[in-house]
Amino acid sequence: MLESVNPEEPLSRYILKKAYYRPSDNTVKPNAFMPPSGKDDVSVYRTVSLSNEDIWQIGMTYVAQKRGMPLLGRAELIACDAIAQGLSVKPDPVPHPRHANISGFPIDNSAKTRMIALELAARATLHLLKIDS
Amino acid sequence: MNLYNYIKSTSLHDVTSTTFEEYHAATVCLQDLNPRQRGFFLDPTNGLRLEINILQAEHGSSIRQELSAINDLLSNYRYGAPKGLGKIAFSQTTADAIPIIFRYDSSNIPDPLLEHRRFAGLISAVDELSMENSLPNWDGYEAKPILRSVRDEAVRLIKMLPSDIPLPEVSPEPLGTIAFEWYKAKDNLFIASVSGKGIVEYAGLYGIGNKDYGTARIENTFPKIVSYHIRRLFED
């Protein structure tokens, strides 16, 4: 298991739906960073020191295949981008030692949650699987 | 020669610079008079839209009598005679027909037919995303399904969109909501989202560090605070 998250660590949010990115300019949409109803966190993977191939392999094995959906891409953030929004990044080593959650979304304020998601998406970098691999 | 086509192709040049500010009043009057033919055209020289109503004489009456009846009606109209309507433009193309031409700025007056065409693609996109994401967990991360009530509210909001506001992209959200996105760049965008509860939630980013978010109730018109923010996004 990795130590607590360093603010400079890269994080990947795996994308399984086309609706979560803009193919026109290869950018991430805010909905990719919105937690579902009743939850205050989104699932990410810590990718520091991993090869590109390893990063995709985690997404395919522990995210896409587990859900029976195709892996389309990943939105990459630096942990401090989330921390700057008042969120925290907490290690959560299930189902994989590199799994973590970006936590602290305001569960009772979806307008503010959306605003935070806009900020995260603005700072994220999109990597599409077919281009990257 | 087909009278309607003839007028359509020639009368645009007959229009003066008079603007009929009380277009609605005039239209109501003309509807009362049951015009036989009417059409909407775009004036290519200035981008203004023209409405052309062609009145044809009833049996037993002359065009002059009908024109007189229009003017009488307009003078007694409860909002007062529309400005400039004394200068009804007409060209005597045949013995029994008069084209009456109204000119107005299309940005202020929605026309149901054109609005329908404008919104058709967007409504179709809403329908498509509603169907595609109608089951729970559609994103693999426990997203709520897009319900029919959310779809209906999205369509309702689309039909309220002011004509000077560009059409947005639509996306499903994990909350079971539908987002309308107006996008310039990833740090310069505005999102308005509906949940089927009569509320729009919005969030906008206008460059790093410049943001706003909130909620607005959906009444009978497009929420003013939302249109304010969208226009703000597209300001130079």
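A short reminder: the numbers here are calculations on the coordinates, not readings from a lab. As the structure is a prediction and not an experimental result, all values here were calculated from the model. With ideal geometry, Cβ positions are generated from the backbone for all residues, glycine too; neighbour counts draw on all protein chains shown.
In debye, nearest 20: dipole of the range A:10-128 around its Cα centre with unit charges on the Cβ of K, R (+) and D, E (-)?
Computed about the Cα centre, the dipole is about 300 debye.
Run lengths n ≥ 4 of DSSP H only: what is the helix-derived mean residue ellipticity at 222 nm for chain A, with -39500 (n - 2.57) per run over all residues, to the nearest 500?
Computed ellipticity for chain A at 222 nm equals -6000 deg cm²/dmol.
Given R₀ = 25 Å, what would the calculated FRET efficiency be for B:Phe119 paired with A:Ser37, taking r from the Cβ atoms and rounding to 0.05?
After rounding, the FRET efficiency stands at 0.30.
Tell me, what is the FRET efficiency for B:Phe234 and A:Lys18 to the nearest 0.05, using R0 = 45 angstrom and their Cβ-Cβ distance as r?
0.95
For a quick check: sort A:Thr61, B:Thr177 by the number of other beta carbons within 10 angstrom, fewest at the front.
On the way: A:Thr61 13, B:Thr177 26.
Ordered from fewest to most neighbouring Cβ atoms within 10 Å, A:Thr61, B:Thr177 come out as A:Thr61, B:Thr177.
In nm, to one decimal, how far is the modelled label at A:Met60 from the one at B:Leu135, with both set 7 Å along Cα→Cβ?
Here the answer is 2.4 nm between the modelled labels.
From the alpha carbon gyration tensor of chain A, can you work out the equivalent ellipsoid semi-axes (sqrt of 5 times each eigenvalue) and give them in Å, largest to smallest?
They are 20, 18, 14 Å, listed largest first.
Could you work out, residue by residue across A:49-61, how many beta carbons of other chains sit within 10 Å of that residue's beta carbon, and then give the average as an integer? The partial results should precede the final answer.
Working: counts 0, 0, 0, 0, 0, 0, 0, 0, 0, 0, 0, 0, 0.
Across A:49-61, the average partner-chain Cβ count within 10 Å equals 0.
Between A:Asp25 and A:Ser103, with labels modelled 7 Å along Cα→Cβ, what's the label distance in nm to one decimal, could you check?
3.5
What distance in nm separates the simple spin-label points at A:Glu53 and A:Leu2, each placed 7 Å from Cα in the Cβ direction?
Modelled inter-label distance: 2.0 nm.
Would you kindly state how much longer the chain becomes between B:Asn220 and B:Met160 on full extension, computed as 0.36 nm times their sequence separation minus their alpha carbon distance, in nm to one decimal?
20.8 nm
Which far-off residues, 5 or more places away or on another chain, put their amide H under 5 Å from the one on B:Val200, with H placed in the peptide plane?
Sorted by chain and number, the residues that satisfy this are B:Ala216, B:Arg217, B:Ile218.
I want to verify the translational diffusion coefficient of the range A:1-52 in µm²/s; compute it with Stokes-Einstein, Rh as the Kirkwood radius over Cα pairs, at 25 °C and 0.890 mPa s.
Calculated translational D: 188 µm²/s.
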